[in-house]
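Take a look at the structure set out below.
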Amino acid sequence: MLCTFDNGRIAAALAPVCGLSPGELARRIQGSDLPRAYEAGEIPSPVFLAGISALCGCAFEESFFVRAFSDIFTPIPGTWQLVRELEGRVRLGLLSNTNPWHFEHGIRATPIFPLFEAVTLSFEVGALKPDRRIFEDILAKLDLPPEACAFVDDIPAFVEGARRLGMHGIPFTGPEALRTALRGLGLEA
């Protein structure tokens, strides 16, 4: 959990352009399979944009849409600090249900992204958390057994998916609680 995100910001940015209320726009997008298909790597960016444009009845210009679509992330400073403290002491991997535009314009753009030794992205793997394939991908990239890894997420089903594979699943409730959980695994940051 490096950032929080607010998908409502997408609807708020796009609504004035297409003449729909943010609520109606959000309902249309969230009620479709497009976001899931895009994160799962089932459709490329141009198809996603065309699909969203059709749902909204508005042909969005790509650069405008990408800016609005990607302006959803808010850093969690305490987590960023923890990553900086752990870098070089443990092998850091980043595993994310994400899509190409959020990765390029949100995740990769963060100053802490280079600290991760391995990166697994749902759209590249073709599987979303909690599918075991996404966890197996990061384990292979880190060349570590599951029991040597801690997985942190704010969604209980994803934490449970990691635990089923033998990883230490840590529910994220905040940076200080994460520090405490990591200390319980013998990791002092």
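Which of rounded, prolate, oblate describes the chain, given a ≥ b ≥ c as roots of the alpha-carbon gyration tensor eigenvalues and a/c under 1.5 marking rounded, otherwise prolate only if a/b is larger than b/c? Let's see the in-between values first.
Numbers: a/c = 2.26, a/b = 1.87, b/c = 1.21.
Judged from the Cα gyration tensor, the chain comes out prolate (a/c at least 1.5, a/b above b/c).
Where the only charges are on Cβ atoms (+1 Lys, Arg; -1 Asp, Glu), what is the dipole of segment 1-59 about its Cα centre, to the nearest 20 debye? List each step's numbers first, then the result.
On the way: 4 positive and 5 negative charges, 26 e Å.
Dipole of segment 1-59, to the nearest 20 debye: 120 debye.
With the cut-off at 1.5 for a/c, could you classify segment 139-189 from its C-alpha gyration tensor as rounded, prolate or oblate? Could the numbers behind the result be given before it?
Details: a/c = 2.21, a/b = 1.24, b/c = 1.78.
Note, shape of segment 139-189 comes out oblate.
Before rounding to the nearest 500, sum -39500 (n - 2.57) across all DSSP H runs of length at least 4 in the chain and divide by the residue total; then give [θ] at 222 nm in deg cm²/dmol.
-13500 deg cm²/dmol
For Arg84 and Ala59, calculate 0.36 nm times their separation in residues minus their Cα-Cα distance, and state this gained length in nm to one decimal.
On the way: separation 25, 0.36 × 25 = 9.00 nm, distance 4.16 nm.
Additional length available on full extension: 4.8 nm.
Apply the Karplus parameterisation 6.51 cos²θ - 1.76 cosθ + 1.60, with θ equal to phi minus 60°, to every residue of segment 136-149 and state each ³J(HN,Hα) to the nearest whole Hz, in sequence, with x for glycine and proline.
With coefficients 6.51, -1.76 and 1.60, one gets 4, 5, 5, 4, 5, 5, 7, 6, 10, x, x, 5, 8, 10 Hz.
Any chance you could give the angle, 0 to 90 degrees and rounded to 10, that helix 175-184 forms with the longest Cα principal axis of the chain?
With rounding to tens, the tilt is 30 degrees.
Sort 62-70, 98-106 for me by packing, meaning the mean count of neighbouring Cβ atoms within 10 Å per residue, highest on top.
Working: 62-70: 16.6, 98-106: 19.4.
The most tightly packed comes first, giving 98-106, 62-70.
Go through Gly57, Gly8, Ile29 and say which Cα lies farthest out towards the positive end of the charge dipole of the chain; charges sit on Cβ, +1 for Lys and Arg, -1 for Asp and Glu.
About the Cα centre, the residue reaching furthest to the positive side is Gly8.
If one takes the longest principal axis of the Cα atoms in the chain, at what angle in degrees, from 0 to 90 and to the nearest 10, does the Cα axis of helix 77-86 lie?
Roughly 40 degrees between the two axes.
What ³J(HN,Hα) values, in whole Hz, does the Karplus curve 6.51 cos²θ - 1.76 cosθ + 1.60 give for segment 99-113 when θ = phi - 60°, with x put for Gly and Pro?
With the stated coefficients, segment 99-113 comes to 10, x, 6, 5, 5, 5, 9, x, 5, 4, 6, 6, x, 8, 3 Hz.
Between Val47 and Thr4, 0.36 nm times their residue separation minus their Cα-Cα distance comes to what?
Numbers: separation 43, 0.36 × 43 = 15.48 nm, distance 2.63 nm.
Additional length available on full extension: 12.8 nm.
Rounded if a/c is under 1.5, else prolate if a/b beats b/c, else oblate: with a ≥ b ≥ c from the C-alpha gyration tensor eigenvalues square-rooted, which is segment 74-184?
Numbers: a/c = 1.36, a/b = 1.03, b/c = 1.33.
Cα axes put segment 74-184 in the rounded bin.
Could you give the size of the charge dipole of the chain about its Cα centre, using +1 on the Cβ of each K and R and -1 on the Cβ of each D and E, expressed in debye and rounded to the nearest 20? All intermediate terms of the calculation are to be shown ahead of the outcome.
Numbers: 17 positive and 23 negative charges, 45 e Å.
My answer is approximately 220 debye.
Every number in this text was worked out from the coordinates using simple rules, so none of it is lab data. Just so we're clear, the structure is a prediction, and the values are computed from it rather than from any experiment. Here Cβ is always computed from backbone atoms with ideal geometry, including for glycine, and neighbour counts include all displayed protein chains.
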